[in-house]
């Protein structure tokens, strides 16, 4: 069972109440509470410490310090309660969903001016983020984490919702890095830190700013009526923050995409439960397994800018005839030219918030070539594409479907893919179906299947398919990534701070800069040189001692370098896809 979430402001309050000597103990052993015994009874958790004290956490979401209690004599200013609270995933109440998720985009046009309190809140959050970048997430103690959480809460309270959203992602990364959790990835922490520094820099810039940088407190829903929707596919959701479920995608006759989700706290086992669980939409009660293959006539409803369909008693919808992938209007999604689809999906990668719902999806036809490592290799219009799993968790067993398909070279398929942001000609396989008579799916599946949600059997493949391991393709090793020198340096900084770029590394960095310039990336090389110079700078003070370099200067240089890296990587991805 998933642990309760805790509001960032509550964790900050609990930290502030604990004496400094106990905070130092927790900083030395941040995963102290993991060695204790955790048990749950409904929505109440009990944590037995290595002594006689028992910490109790009441509710699925901790929104007040009083929900975390301890039986020791020092409570509520005790180490036990704080040690347990720091091991709870950060989250927000259901009515504050926008802080948890990405803000809607774009907002209405027209620049707005912030008041003094908002600018001060953004500036304080930006300074805390810069200090955490300079120190590194693995070195951030409980006090600095509490400062980040209080600054996050101040931005949320002053209406700076996008900054609060970005700060939540950074706080989770710091929390995970301090606890040495395997779910923390250097690239994810770098991306969230970059987003936070860019937003706070925009909010503190002089003059009016775009409302996109402010965000919305709640997701806005607009009326949607008289629309016929067709089930398209369903994808599993499994996040590092402890949420799981499924999202069902639907399309209308014009090719606009919409989605209905069932995502809440839970692990990988909850994905199958949500897929088989019933959802009510108006008068229609269907499982997500059936909904992604069914049709709906939406007489009255609502929809957000990111394609989420609103629920509730006001929705009026009835079941309508389903539509096959190769029949109108869904067939038009596969009829769009390959180059146009790739251009749309790659453009969406660079600014997903401003893209149309589902713009990062591609609908293609191809045939199986074989397998390479854990990837299914498809030939799509002469383009070799490596299809991977969307979630590596073995509980979902998405790799099983890919292995089965890879064992049938020549098999023709219709597929729905999401191109990988980091690797060229690589995409996550979200759904697949037959493009001819080769793949024989069960009648209850219709003409589509989903890796990890349905179990593909050998009998569904062509009878001539040989048994045994899938064909393994051989190809030349991939060319070296010209941006790797910059990427390696920049991704280390949020984890280890300025110590990852010491003055002793000057010769090695000079070689990296020379390599970037040789590969025709002089601006990227200059950005790396600026980060290195700023990180290693340590001027002498009036007494001759070395001073700690300014964290804000390093944050500016690092942010500019990350922006240059993202722009160059996007260009290389487009070139790689051809």
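Could you please find all residues in segment 208-231 being in contact (Cβ under 8 Å) with a residue 60 or more places away in the chain and more than 30 Å from residue 314 (Cβ to Cβ)? I'd like the intermediate steps shown before the answer.
To start, the set of residues in segment 208-231 that are in contact (Cβ under 8 Å) with a residue 60 or more places away in the chain comprises 208-212, 214-231.
208, 209, 210 - these are the residues of segment 208-231 that are in contact (Cβ under 8 Å) with a residue 60 or more places away in the chain and more than 30 Å from residue 314 (Cβ to Cβ).
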Practice problem: Could you tell me which numbered condition residue 240 fails, if it satisfies all but one of (1) part of a loop (DSSP other than H, G, I, E, B); (2) at pLDDT below 90; (3) within 30 Å of residue 120 (Cα to Cα)? | Solution: (3)
Exercise. Might you check whether a residue that is within 19 Å of residue 573 (Cβ to Cβ), modelled with pLDDT of 90 or more and assigned to a strand (DSSP E or B) occurs anywhere in segment 399-417?
Key: yes
Quiz item: Within the bounds of segment 460-470, is there any residue that is part of a loop (DSSP other than H, G, I, E, B) and modelled with pLDDT of 85 or more?
Solution: yes
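Can you work out which of the residues in segment 418-436 that are assigned to a loop (DSSP other than H, G, I, E, B) and in contact with a strand residue (DSSP E or B) (Cβ under 9 Å, 6 or more places away or on another chain) is modelled with the lowest pLDDT? Break it down stepwise before answering.
Here is the first cut: in segment 418-436, the ones assigned to a loop (DSSP other than H, G, I, E, B) are 420-425, 435-436.
Among the residues that remain, those that are also in contact with a strand residue (DSSP E or B) (Cβ under 9 Å, 6 or more places away or on another chain) are: 420, 423, 425, 435-436.
Numbers: 420: 88, 423: 80, 425: 88, 435: 93, 436: 90.
Filtering first and then ranking leaves 423.
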Quiz item: Out of the residues in segment 534-578 that are surrounded by 14 or more Cβ atoms within 10 Å (Cβ to Cβ) and farther than 26 Å from residue 484 by Cα, which is modelled with the highest pLDDT?
Solution: 550
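Tell me, please, whether a residue that is modelled with pLDDT under 90, in contact with a strand residue (DSSP E or B) (Cβ under 9 Å, 6 or more places away or on another chain) and closer than 25 Å to residue 453 by Cβ can be found in segment 321-338. If you could, list the steps in order and put the result at the bottom.
Filtering segment 321-338 down to residues modelled with pLDDT under 90 leaves 321-322.
Adding the requirement that they be in contact with a strand residue (DSSP E or B) (Cβ under 9 Å, 6 or more places away or on another chain) leaves 321-322.
Next, only the ones that are closer than 25 Å to residue 453 by Cβ stay: 321-322.
The answer is yes; a qualifying residue exists.
Which residue, of 346, 396, is in contact with a strand residue (DSSP E or B) (Cβ under 7 Å, 6 or more places away or on another chain), in a loop (DSSP other than H, G, I, E, B), assigned by TED's automatic domain parsing to the domain that holds residue 440 and modelled with pLDDT under 90? Break it down into steps so the answer makes sense when it comes.
Working: 346 fails: in a loop (DSSP other than H, G, I, E, B).
Going through 346, 396 in turn, just one is in contact with a strand residue (DSSP E or B) (Cβ under 7 Å, 6 or more places away or on another chain), in a loop (DSSP other than H, G, I, E, B), assigned by TED's automatic domain parsing to the domain that holds residue 440 and modelled with pLDDT under 90: 396.
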Self-check item: segment 59-80 - residue that is in contact (Cβ under 8 Å) with a residue 40 or more places away in the chain and assigned to a strand (DSSP E or B) and, of those, nearest to the chain's Cα centre (by Cα)
Solution: 61
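Would you check if residue 238 is over 23 Å from the mean Cα position of the chain (by Cα) and surrounded by 18 or more Cβ atoms within 10 Å (Cβ to Cβ)?
no
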Practice problem: Answer yes or no as to whether residue 369 is at pLDDT 90 or above, touching a strand residue (DSSP E or B) at 6+ places or on another chain (Cβ under 7 Å), under 26 Å from residue 340 (Cβ atoms) and buried (at least 22 other Cβ atoms within 10 Å of the Cβ). | Solution: no
Quiz item: Within segment 267-304, restricting attention to residues that are surrounded by 18 or more Cβ atoms within 10 Å (Cβ to Cβ) and in a loop (DSSP other than H, G, I, E, B), which residue is farthest from the chain's Cα centre (by Cα)?
Solution: 282
Quiz prompt | Failed item in (1) outside any loop (DSSP other than H, G, I, E, B); (2) in contact (Cβ under 8 Å) with a residue 60 or more places away in the chain; (3) surrounded by fewer than 20 Cβ atoms within 10 Å (Cβ to Cβ), with residue 444 passing the rest | solution = (2)
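Residues in segment 200-213: is at least one more than 30 Å from residue 128 (Cα to Cα) and outside any loop (DSSP other than H, G, I, E, B)? Steps first, please.
The first filter runs over segment 200-213 and keeps only residues more than 30 Å from residue 128 (Cα to Cα), leaving none.
No, the conditions are met nowhere in segment 200-213.
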Quiz item: So which residues in segment 18-58 are buried (at least 18 other Cβ atoms within 10 Å of the Cβ) and assigned to a loop (DSSP other than H, G, I, E, B), if there are any at all?
Solution: 18, 30, 36, 49, 53
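The values are calculated or read from the model by the stated rules, or taken from the named source; none is laboratory data. Since the structure is predicted, the reported quantities are computational estimates derived from the model, not experimental observations. Heads up, the Cβs are rebuilt from the backbone with ideal geometry, glycines too, and the neighbour counts pull from every protein chain shown.
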